[in-house]
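Quick note: the coordinates plus some simple rules give every number you see, no bench work behind them. These figures come from a predicted structure and were not determined experimentally. FYI the Cβ positions are ideal-geometry reconstructions off the backbone, even for glycines, and counts take in every protein chain you see.
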Amino acid sequence: MPDLPVFRAPMRSRDDRVPAGDAVERALTRGICGMGARVERTREGDDAVRAYERLARRIARFAAAPSGAPIWTRDVDGLWWLGRLDGDLSEDTSPEARRVDLVHVRPCRWLMAPIAPSDVPVPVSAAFARGGLNWQEVHGADISGQTDRIWDRYDS
């Protein structure tokens, strides 16, 4: 497989009323990866227009990721999961998708078992350790190759 960018997908709503872990659980069981539509509460000096513009940019970055790109996420128990994007962006308007705030979705082939923490590449664990809710590319020396080797080892 050619070197593809590797992504971090926290799949955690920006709305604190959405229980942590519900979106990741839905993604893993439905074979999807995604992000929410809710915007963070506006701060003083911030307005809703800017918040929605940031959301639109996040969705555009997610939509632009190439099919086949590896995706890392963590579930509510802290287990590591590895998947690969497997299709284009769509909107899930179901009540359950809205409840967990995972409405902008792409098909994703997740491995059947979590990845051992000792196998997770350092750049991936570092990207998650920084926190945050953004979909983002993981950078690091040979991160694509490392992730591909992990995929091959676990995909049996």
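Below, the figures for the structure above:
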item: Between helix 143-154 and the chain: long-axis angle, C-alpha atoms, 0 to 90°, nearest 10; result: 70 degrees
item: Charge dipole (debye, nearest 20) of the chain; +1 at Cβ of Lys and Arg, -1 at Cβ of Asp and Glu; result: 260 debye
item: On Cα atoms only, tilt of 48-64 relative to the major axis of the chain in degrees; result: 20 degrees
item: Leu133-Ser90 pseudo-label distance in nm [points 7 Å out on the Cα-to-Cβ vector]; result: 2.5 nm
item: Region 1-124: relative contact order as a whole-number percent, Cα under 8 Å and 6+ apart; result: 31 percent
